[in-house]
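Here the structure comes first, spelled out in C-alpha cells, and everything after it is commentary.
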Amino acid sequence: MVTNGLTDIDSLCLAVRDIESRRLISEAITAYRGGAFRSAILSTWIAVAYDIVSKARELAAQGEAAPQTFVAELDDAIFRNDIPKRQHIERQLLETASITLQLLALHEREAFKRLLADRHLCAHPAFITDDEIFQPTPELVRSHLIHALQYLLIHAPLQGKSAVKQFEADILSASYPVSSPVIAKYLRARYLDRGKDALVVNLIKGIITTPFGSERARFAGKERQLAMSLREIAAAKTAIYDLTVPPFIATRFDVVPDEVLLNLCPYLETDTRIWDWISEPVRIRIKTLLSTEELNKLKAAHAFDAFAIPDLATILLNRFDAFDEATQINIISENPRREFIPRAIDVYRQAWGWRHAEALGRALMIPLANQFAPEDIRSMLEAVAENYEIKTASETSTILETAFELIRSVLNDARPHWQAFVDRLSEEYGSPDHSYAYPEIRAKLSS
C-alpha cells in the first residue's frame with residue numbers, strides 16, 4: 001500500500017490547521033498504508049473527535065456562547081471523571097458539531113456517522129465468529145480519510161458571529177480590496193474555499209444587515225465594497241445564496257428607517273433580483289425617497305447605482321436633468337454609468353474654452369470611456385472635431401489617447417470612427433502630422 005511521491009491525501013494532511021489533529025490523522029494514514037485498516041478507522045475517528053473538540057475550544061475562546069456551554073460541560077465531566085457523561089458527550093458529538101457548533105453540513109454529518117458505525121465494528125469485535133469479523137476494504141478506509149480531511153480537519157472554525165466579526169474587521173481595514181475581481185480572490189482564499197455552508201450563510205446575512213443595523217455608522221463609505229462582496233459570494237456559492245437571500249430580505253427592510261433605506265441601492269446594482277424580493281411597501285418608499293431626497297443624501301447612499309432597476313432609472317434621470325450643469329458633471333464624475341453617456345457628450349460638446357474643454361474631458365470622457373460603445377465614440381469624436389475650443393485645447397490629445405486605451409475592447413468596431421476623425425482633421429489642417437490632426441491617435445491606429 002506504500003506509494004511514492006505526494007498523494008492527494010498527503011496534500012490534504014499538510015493543510016490540516018491543528019498540529020495535534022495533523023499528528024492523529026497522520027497515524028491513521030500510516031496505518032492505512034500499512035494495511036492495518038481497522039486501526040486506520042479507529043485512528044480516523046480519534047482525529048475527528050479531537051478536532052471537533054479543539055474547534056469548539058477555539059470558538060469558545062472567541063466568545064461564541066454555544067461552544068462555551070459545550071466546553072464547560074465537557075471540562076466539568078473531565079474534572080469529575082464522570083465516565084457516563086463523557087461517553088454521552090462522545091455519542092452526541094456529531095449532533096453537537098452539526099447543530100450546536102455549526103461545523104458540519106447535513107451530508108458531512110451523515111458521512112461521519114458512517115465512520116462512527118465502522119469504528120464501533122472495528123473496536124468491538126467480541127462475540128463475533130472469525131468469519132464474521134468486520135473486514136474494511138482499502139477503498140472504504142480511504143473514503144473515511146478523505147472525508148475527515150475535506151469535511152473537517154483542513155477548515156478553520158469560522159462560524160456564527162466569529163466569522164462576521166472577522167469579516168467586519170477585514171472590510172473596515174484600509175487594505176480591503178476595492179475592485180470586484182480582487183474581492184473575489186480575497187473572499188475565496190480567506191473564507192469561501194474552505195468555508196462551511198454555515199459560514200457562507202452567516203457572511204451573506206451579515207453583509208446584508210451591516211449598512212442598516214445599529215452599528216451602521218462604522219461602515220459608512222463601505223456600502224459599495226459590501227455590495228461587491230455580496231455579488232462575489234453569490235457567484236462563488238450560488239446555490240447557498242439563492243436559497244438564503246430571498247426569504248431573508250423579503251420583509252427585513254420593512255422596518256429599516258428612511259435615513260438608511262437608500263443604502264440598499266448598491267445592492268440593487270449587484271443583483272437586480274433583490275428589487276423583486278423586497279416587499280411592495282419598501283419599493284414604494286425607495287421610489288419616494290429617490291424622488292424627494294436632497295442631492296447630498298443621494299450621493300452618500302450611492303443612490304445612482306439604482307439605475308440598474310428600470311423602475312428607478314426614469315426617476316433618477318428626471319432628478320439628474322433638474323440639476324445645474326456643475327452638479328451634473330459632479331454626479332457623472334462620481335458615478336460614471338452608461339445611462340449618463342449621451343448627456344455627458346452633450347455637455348462636452350458645449351465646451352466654451354480651452355480649460356473648460358479640458359476639465360470636461362477629464363471629468364466626463366475619461367471616467368465613462370470604458371463603457372463607450374462604438375456609436376458613443378463616434379459622438380465624442382464629432383464633438384471634438386466640431387468644437388474649436390476642444391480640438392485645439394492642449395490636453396485634448398492626452399484625453400483622447402487615454403480614452404483610446406480604455407476602449408481597446410471595442411477597437412475593431414470603433415476603428416472607422418477614429419480613422420474618420422484623424423482623416424477629417426488632417427484634411428482640415430493640411431497635414432496628418434499637424435498637432436491638431438492628432439498624429440498620436442493615427443500612430444495608435446497604425447500600430
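Residues in the stretch 229-257 that are hydrophobic (A, V, I, L, M, F, W, C), under 25 Å from I284 (Cα atoms) and crowded, with 17+ Cβ neighbours inside 10 Å: L230, V245, I249, F253, V256.
Taken together, E73, E108 contain a single residue that is closer than 22 Å to I154 by Cα, touching a residue at least 12 places away in the same chain (Cβ under 8 Å) and assigned to a helix (DSSP H, G or I), which is E108. Taking the listed residues P281, P342, P266, the one that is assigned by TED's automatic domain parsing to the domain that holds A383 and at pLDDT 90 or above is P342, with no other qualifying. Of all the criteria given as (1) closer than 21 Å to T137 by Cβ; (2) in contact (Cβ under 8 Å) with a residue 40 or more places away in the chain, the one not satisfied by D18 is (1). When the helices (runs of 4 or more DSSP H) confined to the stretch 336-401 are screened for residues that are under 30 Å from the mean Cα position of the chain (by Cα), those reaching at least 1 such residues are found at 341-349, 366-369. Among the conditions (1) modelled with pLDDT under 90; (2) in contact with a Leu (Cβ under 7 Å, 6 or more places away or on another chain), the only one that N335 does not satisfy is (2).
The one condition from (1) assigned to a helix (DSSP H, G or I); (2) touching a helix residue (DSSP H, G or I) at 6+ places or on another chain (Cβ under 8 Å); (3) farther than 20 Å from V141 by Cα that Q102 does not meet is (1). For the stretch 287-299, indicate whether the set of residues that are without any contact (Cβ under 8 Å) to a residue 60 or more places away in the chain, within 25 Å of the chain's Cα centre (by Cα) and in the same structural domain as S229 (by TED's automatic domain parsing) is non-empty. Yes - at least one qualifying residue is present in the stretch 287-299. Among residues of the stretch 63-118 being touching a Leu at 6+ places or on another chain (Cβ under 6 Å) and at pLDDT below 90, the one that is surrounded by the fewest Cβ atoms within 10 Å (Cβ to Cβ) is R109.
Kindly evaluate V260 against the criterion of being surrounded by fewer than 21 Cβ atoms within 10 Å (Cβ to Cβ), out of contact with any His (no Cβ under 9 Å at 6 or more places or on another chain) and β-branched (V, I, T). For V260, the condition - surrounded by fewer than 21 Cβ atoms within 10 Å (Cβ to Cβ), out of contact with any His (no Cβ under 9 Å at 6 or more places or on another chain) and β-branched (V, I, T) - is met.
The values are calculated or read from the model by the stated rules, or taken from the named source; none is laboratory data. Fair warning: this is a prediction, and the values are worked out from it, not measured in the lab. Using ideal geometry, Cβ is built from the backbone for each residue, glycine included, and neighbour counts are taken over all protein chains shown.
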